[in-house]
Amino acid sequence: SQQGEEDPQALSIQEGENATMNCSYKTSINNLQWYRQNSGRGLVHLILIRSNEREKHSGRLRVTLDTSKKSSSLLITASRAADTASYFCATVLLMEYGNKLVFGAGTILRVKS
Amino acid sequence: GAGVSQSPSNKVTEKGKDVELRCDPISGHTALYWYRQSLGQGLEFLIYFQGNSAPDKSGLPSDRFSAERTGGSVSTLTIQRTQQEDSAVYLCASSRGVQRVNEQFFGPGTRLTVL
């Protein structure tokens, strides 16, 4: 089964509103990353939060991590139409050979102008 | 190069034919990953390379799938006797190494359609 699972599956908001996406995972992690994907093609790394961090900011992005609940959230403030994309969380498992990313199914965000 | 490149960008093939997908990672990146993404789904891990060796092939769905990497750079994912359920976007990613916690840099993907 997938390590990370996002909710909601789809989110539609008006430009200017905030968008919150959640991710839950099952096992212990080294860190958690959020990625964005436009038009079903390549993913772009947004932000990484380590297991010993609780909150991290990058521009209009705010990520929280609660390791006791095995969950993370991505908040996009003051959304823009250009934020329309799919957003994936990826948990990073430390394997004996190195890192392995396990992706969730993603949240489809639509920002209406 | 400046980023991860993949070729072809689109591939349409007939059921039963073999296909080869290519990935050119970022220069100097020792780690290379292949993923598969079916329509509307998340990414499914296929295989990981560190240099030319593949310590994790656990995601390859069947023995029709194989991959190799030569010279610690270019990788080729081969699907033999393609089936319609192989239709998906195949994404390649690279990262600097595995001893550090690194982000992965993704290519644009190859959209494979098996008729």
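The values are calculated or read from the model by the stated rules, or taken from the named source; none is laboratory data. Owing to the predicted nature of the structure, the values given are computational and were not obtained by experimental measurement. Please note: Cβ atoms are built from the backbone with ideal geometry, for glycine as well, and neighbour counts cover all protein chains shown. The accessibility values were calculated without ligands, DNA or RNA, using every heavy atom of the protein model including side chains. Shrake-Rupley method; radii C 1.70, N 1.55, O 1.52, S 1.80 Å.
Quick test for you: out of A:Ser68, A:Ser79, pick the one residue that is more than 11 Å from chain B (Cβ to nearest Cβ), open to solvent by 50 Å² or more (accessible area, probe 1.4 Å) and not β-branched (Val, Ile, Thr). So that I can check it myself, show each step before the final result.
Values: A:Ser79 fails: open to solvent by 50 Å² or more (accessible area, probe 1.4 Å).
Step by step, each of A:Ser68, A:Ser79 is checked, and only A:Ser68 is more than 11 Å from chain B (Cβ to nearest Cβ), open to solvent by 50 Å² or more (accessible area, probe 1.4 Å) and not β-branched (Val, Ile, Thr).
Of B:Gly72, B:Gly107, which residue is surrounded by 14 or more Cβ atoms within 10 Å (Cβ to Cβ), farther than 30 Å from A:Ala10 by Cα and either of a type in the set (Asp, Glu) or in contact with a strand residue (DSSP E or B) (Cβ under 9 Å, 6 or more places away or on another chain) (or both)?
Details: B:Gly107 fails: farther than 30 Å from A:Ala10 by Cα.
Going through B:Gly72, B:Gly107 in turn, just one is surrounded by 14 or more Cβ atoms within 10 Å (Cβ to Cβ), farther than 30 Å from A:Ala10 by Cα and either of a type in the set (Asp, Glu) or in contact with a strand residue (DSSP E or B) (Cβ under 9 Å, 6 or more places away or on another chain) (or both): B:Gly72.
Taking strands (runs of 3 or more DSSP E) that fall entirely within segment B:1-96, which contain at least 3 residues that are within 9 Å of chain A (Cβ to nearest Cβ) and either in contact (Cβ under 8 Å) with a residue 12 or more places away in the chain or touching a Gly at 6+ places or on another chain (Cβ under 6 Å) (or both)?
B:31-37, B:43-50, B:88-95
Could you go through segment A:1-8 and let me know if any residue there is of a type in the set (Asp, Glu) and modelled with pLDDT of 95 or more.
No, because not a single residue in segment A:1-8 is of a type in the set (Asp, Glu) and modelled with pLDDT of 95 or more.
Just need a number here: residues in segment A:96-111 that are over 18 Å from A:Asp83 (Cα atoms), hydrophobic (A, V, I, L, M, F, W, C) and open to solvent by less than 10 Å² (accessible area, probe 1.4 Å).
The total comes to 2.
Filter segment B:32-47 for residues that are open to solvent by less than 30 Å² (accessible area, probe 1.4 Å) and at pLDDT below 90 and give the result.
B:Gly42, B:Leu43, listed by residue number.
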